[in-house]
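Okay, here's the structure, questions in a sec.
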Amino acid sequence: MKHLESSFNGKNNFWRYIVLMLLIFAATNTIGSLPLTIVSLVKSSGNQQTLSEISSDINFLTTVGISQNVILSLVLFAFVVGLVTYFLMVKPMHERTFLQTITGATKFRWSRAYISGAVWIILMAAYLFIYLGVDPENFSINNSSLSLIVLAIIAIALIPFQAAFEEVIFRGYLMQGFTLLVPNRLFPLISTSVLFALMHSLNPEVKEYGFFAVMPQYLTFGLIFGIITILDDGIEAALGAHAANNIFLCIMVTQESSALQTQALYQQHNYHPWIELAGLVVSGIILILILKRIFRWESFSVLITSVKPSRTDIQIP
């Protein structure tokens, strides 16, 4: 394994992690949000009340003629900017290549992402099919027009950037950073999973259903993707599952408190956090077991092993 072992390469002063994260945050909230800001200003026509409504709820743009597909594109653009910023700045900041921060392989393993994504989509489709059969009154057809095709194109083209951004930052960059603090695999797994969950704490479903009802789902997602990253020695498989999850939800199911409102095929009327958590835990375990068999991972005991720099690892102050 080499992914977490690469943590010890290059320049790793604590301040470098803080500066790079601040640069990424600044880029996503300035350049990344610029298209959305321009559209909001144009559509508000200088009306402060309208601009205030848009600022508090981005979906208010639909009342001034902007489609949800366009809103989705504008929101996802910020993740593209964040990912590009990281790609450009990680080597100057840490003397590690972009590839070294995301995988222990010598090249990005696209097949891992595709296989993992395909398995997760099958599991999600099975879960949705069962849910529709058990509680059909909780769902209704929301969109069967050609706009669904446009939505699918946007989701497939842009959602991977959003998933890649989160996986690169959490399961790549920060997982390596936490390894420097405590050089084993369990600590960065738990730490990044908690941070991943907290990053989503401002999502509307958390406000709607309560912090302690919804946050366990995000924590579980973080643990699933983190376990996959450690066992596979890189983020490729986790990225594939993450992208597949978000693409599937954007196209297939929406509900009023979703973070990304889309004209999906189905509308879910009642959201039950604990049922969703149970489904996620079962699906996540199945995903990990299937991928373990396909990719021939080592024993799960590797999750609690220590991380040691190789002889070629150099710590530059």
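To make sure I understand, if each residue's beta carbon is the centre and we count other beta carbons within 10 Å, what order do Trp110, Trp120 fall in, fewest to most?
Trp110, Trp120
Round to a whole angstrom and tell me the spacing of the C-alpha centers of the range 136-157 and the range 233-259.
Using only Cα atoms, the two centres lie 15 Å from each other.
Kindly give Rg over Rh for the range 208-296, based on alpha-carbon atoms, with the Kirkwood expression for the hydrodynamic radius.
Taking Rg over the Kirkwood Rh, I get 1.00.
Now for a different question. Using only the Cα atoms of the range 160-317, what do you get for the radius of gyration and for Dmax, in Å?
16.8, 57
Okay, moving on. Using only alpha carbon pairs under 8 Å that are at least six residues apart, calculate the relative contact order of the range 5-312 and give it in whole percent.
That works out to 25 percent.
Please give me the summed charge of the neighbours of Ala163: other residues whose Cβ is under 13 Å from its Cβ, Lys and Arg +1, Asp and Glu -1.
On the way: positive: Arg171; negative: Glu166, Glu167, Glu236.
Local net charge: -2.
Continuing with this model, one more query. Which order results if Arg112, Arg16 are arranged by neighbouring Cβ count within 10 Å, fewest first?
Arg16, Arg112
Thr97 to Leu41: extension gain in nm, 0.36 nm per residue of separation minus the Cα-Cα distance?
Value of the extension gain: 16.3 nm.
On alpha-carbon atoms, Rg over Rh for the range 1-86 using Kirkwood Rh?
Numbers: Rg = 18.0 Å, Rh = 15.1 Å.
So for the range 1-86, dividing Rg by the Kirkwood Rh gives 1.19.
Under 17 Å between alpha carbons: how many lysine pairs meet that in the chain, if sequence neighbours fewer than 8 apart on the same chain are excluded?
5
Between Ala26 and Leu303, what is the FRET efficiency for a Förster distance of 30 Å, r being their Cβ-Cβ separation, to the nearest 0.05?
Numbers: r = 35 Å, r/R0 = 1.15.
That pair, Ala26 with Leu303, gives E of 0.30.
Right, next: Just subtract the alpha-carbon distance of Phe129 and Leu181 from 0.36 nm times their residue separation and send over the number in nm, one decimal.
Details: separation 52, 0.36 × 52 = 18.72 nm, distance 4.39 nm.
That pair, Phe129 and Leu181, stretches by 14.3 nm at full extension.
Which Cα, out of Thr192, Gln268, Phe295, lies furthest along the positive dipole direction of the range 5-312 (beta carbon charges, K/R +1, D/E -1)?
Selected residue: Phe295.
Could you quote the convex hull projected area for the range 89-200, Cα atoms only and averaged over all directions, in nm²? Before the final figure, lay out the partial values.
Details: hull surface 40.8 nm².
That works out to 10.2 nm², a quarter of the Cα hull's surface.
Taking the Cα centre of the range 161-317 as origin, sum charge times position over the Cβ atoms of Lys and Arg (+1) and Asp and Glu (-1), and report the length of that vector in debye to the nearest 20.
It comes to approximately 460 debye.
Where does each of Leu265, Leu181 land when they are ranked from fewest to most other beta-carbon atoms within 10 angstrom?
On the way: Leu265 18, Leu181 11.
Fewest-to-most Cβ neighbours within 10 Å comes out as Leu181, Leu265.
Quick check: pseudo-label points 7 Å beyond the Cα along Cα→Cβ at Asn13 and Asn203, how many nm apart are they?
The answer from the label model is 3.7 nm.
Evaluate the distance, in nm, between pseudo-label points positioned 7 Å from the Cα of Ile275 and of Ile290 along their respective Cα→Cβ axes.
2.3
Report for the chain the percent antiparallel among DSSP-assigned beta bridges with both residues inside it, nearest 5.
Around 55 percent of the beta bridges assigned by DSSP in the chain are antiparallel ones.
Every read-out reported here was derived from the displayed coordinates using simple, explicitly stated rules and does not represent laboratory data. This one's a predicted model, so the numbers in the text were calculated from it and none came from an experiment. Every residue, glycine as well, gets a Cβ built from its backbone with ideal geometry; the counts of neighbours run over all protein chains shown.
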